[in-house]
Amino acid sequence: MSETKKTVIDSLVRAVRLVGRMNKNRADAAPSEQLYYSMLDKYFSNVLNAKQQNGFVAAHTVFFPVEILYAMGITPLHNEVTTWTTAMLLGNQMDFITAGAEAGLAPEICSPHRGLAGGYFKKMLPQPDAVLWTNLICDNTAKSGEYIAELTGAPSFFLDHPFDKSELENQYMQSELRSLIAFLEKTSSRKMDWDKLSQSVAEMDKQIKLQTEIAELRKARPSPMSSRRFLELLTIDYMFAGQPEATQYLTMLKAELAEKISKGIGAVNPEKFRLMTLFILPSICYHLLMVFSPNSVRSVLWNRFFRFGSTTRWILLSHWKAWLKRVL
Amino acid sequence: MTQTTGLKTPSLEFFKEVNRTFPKTKEILAHKAAGKKVFGWLCTYVPEEVIMAAGTLPIRITGYNQEMDLEDGNAYLYINNCSFSKSCLQLGLRKEYDFLDGVVGGSTCDGARRLFDLWRYYLKPPFFQVLTVPRKTTEQAHELYLSQVEDFKKHLEEFTGLSITDTALLQAVKVMNESRSLLKELYSLRALPEPLISGQETQEVLNASFRMPKEQFNTVLKELLTDLKQNALGYKPKARLMLIGSVLTNAEFIKSIEELGVIVTTDELCTSTRYWSDPVVLEGAKSPLAAIAHRYLSNFPCARMYPSTERFDRIVKLAREAKVDGIISETIRYCVPYAHDIPLLSDRLKAENLPLLTLDVEYGTSGSGQIRTRVQAFLEMVEARK
């Protein structure tokens, strides 16, 4: 990190700690929730303290193989999760989106990426040491990374993910991953720890299995998990893929859900409706989730995006894993 | 006011007639009547030469020539899909492309991919393929794209029962390169101090090139070039503009700009320079197919490609060559790659002292009303700088 100017990360760390403390005092707070907030605290504190600790921060877009960054001792900064977490906890999404308009991005571009660009344009987000992005999951991601790289002036790498999964496309992906690692070794002066990467790949196996089992448990009637925690699962996956803490979190959550099911405890009681959403829940308006809370509609959200979107991610994880294995 | 529609030659009228009758042009129907196949392609990353070498007529799938009420397109595609994909789909759903034996696309953008999904599902063309198109032009990316083109060739051979020989590929390259060379010559007449052809007229020529056999197109284009050189009076525009952006086929849009007394002397669109600009270079290539694949991936890049600096560099070069006074960027609403390029492109053009007007439009728009007012204001600014 090359700057010490205060950014939203400072506020985010304070907010995460506050929410974590409040959670501890909740009678029904699950241990996995406490772990989740402590993981967020550690994640954003690492970003915040990177400069003092001679760290190297790589800002990256969604669906980026963070396992590589962790294995190289690089501090990841997940652009989209960071902005949606600031939106949820600090309620400042309009500052980001307005800044995106000021940066010249048209309203037709999706608001998360307008907000991201705005965050860097107005220096609300910290100056990264490198900018990394892929073309997953849409054209917005493919293009926004390049713009962020220009805005920050940081060294950058675009990881070009092929359209399909033929043998040659696999080979192309491997060459892209090798180029990424070479780029990171050069710009960060850090070496890839291949043993650590191997451990991450093995850890990913466990996490894919756990995510699948959790999705199955959520189908129980009444559903044991509230929709509010859906974003936790996404965050864990996006930010901590392949890390032992993520396995620990998922293991705890799975056990908690299984216990609830065995006792017939649902996230809402009685469970009147079971709903399905088709995409990510509205992180910029968390209040909407409360509309479905026990005292109002008495329903359970079962998120299709989580089920299938996350499945997509697991498929991707499997691919990363396969590719990484071949790179190893 | 500059003369904008005065050029009347049989060759230009022929091209206009092709466009008036599209998609079911006389030329396409004649090809079908001869028992030959017609393939529709979408996106400039699909190698037409391979289709031609299979004895098949490649035609470009586009939407309506005008802005239309897209009832079917809106019903099947999300609100944030571009109107180009909606317009194409609607024509397909209304059986305007029912003569197609195959559809080939590139994995270029979200709008195109959603269009392919629906086209395959609802229209079920006998042959269908989407080529993986890398966003980079590294050596590995070229290897991948070549493998895609090889796969496409094989698939096409299986479908047609014909072998696509190197001889046929070389002949297709010859025809396509001649088209490119003739279009380059046309553009040179357009960029003269007193342009011999307007932007609107050029777009008519380009549109026709997508919608008829290339050999026939080349013959008529040669006639047009001769007519222009011998008979055309040069335009005397009060300003020279460049048009850049995504896909545009409605020549009326350019006409509405040129009616303000200017000439669009060059362009950078999916349906213009980016389509024809680079020839297939056979020298040094491992095979004709390798040369074709190399050309398509390293051609004038569209906004989806990385890095965007090459697109920007080429825009600036074209603008300088055509001595333009200003640039109009037309981005189809919800076309993410082009919309994302605008801030960086604006900075670059500002640094190059090239005025830029950015327009968000719907595909097929004729450029009336508010657009015309904005162009007028831009022209006042451009003229004041002269």
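Some values worked out for this structure:
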{"read-out": "Among the candidates B:Val264, B:Val281, residue that is of a type in the set (A, V, I, L, M, F, W, C) and assigned to a loop (DSSP other than H, G, I, E, B)", "value": "B:Val281"}
{"read-out": "Selected residue (criterion: nearest to the other protein chains (Cβ to nearest Cβ)) from residues of the stretch A:123-157 that are buried (at least 24 other Cβ atoms within 10 Å of the Cβ) and in a strand (DSSP E or B)", "value": "A:Trp133"}
{"read-out": "Residues of the stretch A:92-108 classified as crowded, with 24+ Cβ neighbours inside 10 Å and facing chain B (nearest Cβ under 8 Å), total", "value": "1"}
{"read-out": "Qualifying residue in the stretch B:20-33 (condition: under 30 Å from B:Pro237 (Cα atoms), assigned to a helix (DSSP H, G or I) and out of contact with any helix residue (DSSP H, G or I) (no Cβ under 6 Å at 6 or more places or on another chain))", "value": "yes"}
{"read-out": "Selection count, the stretch A:246-276, where residues are among the aromatic types (Phe, Trp, Tyr) and surrounded by 15 or more Cβ atoms within 10 Å (Cβ to Cβ)", "value": "1"}
{"read-out": "Helices (runs of 4 or more DSSP H) wholly inside the stretch B:103-209 that include at least 2 residues being charged (D, E, K, R), touching a Pro at 6+ places or on another chain (Cβ under 7 Å) and at pLDDT 95 or above", "value": "B:166-190"}
{"read-out": "B:Ser85 being crowded, with 23+ Cβ neighbours inside 10 Å, within 14 Å of another protein chain (Cβ to nearest Cβ), without any contact (Cβ under 8 Å) to a residue 40 or more places away in the chain and hydroxyl-bearing (Ser, Thr, Tyr)", "value": "yes"}
{"read-out": "Filter result for A:Val57 (closer than 30 Å to A:Gln174 by Cβ and either in contact with a strand residue (DSSP E or B) (Cβ under 8 Å, 6 or more places away or on another chain) or within 14 Å of another protein chain (Cβ to nearest Cβ) (or both))", "value": "yes"}
{"read-out": "Residue list for the stretch B:121-145, filter: charged (D, E, K, R), within 14 Å of chain A (Cβ to nearest Cβ) and surrounded by fewer than 18 Cβ atoms within 10 Å (Cβ to Cβ)", "value": "B:Glu139, B:Glu143"}
{"read-out": "Any hit, the stretch B:234-242, residues being out of contact with any His (no Cβ under 9 Å at 6 or more places or on another chain), closer than 26 Å to B:Arg60 by Cβ and not small (Gly, Ala, Ser)", "value": "yes"}
{"read-out": "Matching option when the condition is in contact with a helix residue (DSSP H, G or I) (Cβ under 8 Å, 6 or more places away or on another chain), touching a residue at least 12 places away in the same chain (Cβ under 8 Å) and farther than 19 Å from A:Arg228 by Cβ, among A:Leu48, A:Leu12", "value": "A:Leu48"}
{"read-out": "Qualifying positions in the stretch B:257-269 - of a type in the set (A, V, I, L, M, F, W, C) and buried (at least 24 other Cβ atoms within 10 Å of the Cβ)", "value": "B:Ile257, B:Val262, B:Ile263, B:Val264"}
{"read-out": "Failed item in (1) outside any helix (DSSP H, G or I); (2) touching a helix residue (DSSP H, G or I) at 6+ places or on another chain (Cβ under 8 Å); (3) buried (at least 18 other Cβ atoms within 10 Å of the Cβ), with A:Ala117 passing the rest", "value": "(1)"}
{"read-out": "Residue among B:Leu77, B:Leu118, B:Leu89, B:Leu123 that alone is touching an Asp or Glu at 6+ places or on another chain (Cβ under 8 Å), of a type outside the set (Gly, Ala, Ser) and more than 25 Å from A:Asn170 (Cα to Cα)", "value": "B:Leu89"}
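The values are calculated or read from the model by the stated rules, or taken from the named source; none is laboratory data. As the structure is a prediction and not an experimental result, all values here were calculated from the model. Every residue, glycine as well, gets a Cβ built from its backbone with ideal geometry; the counts of neighbours run over all protein chains shown.
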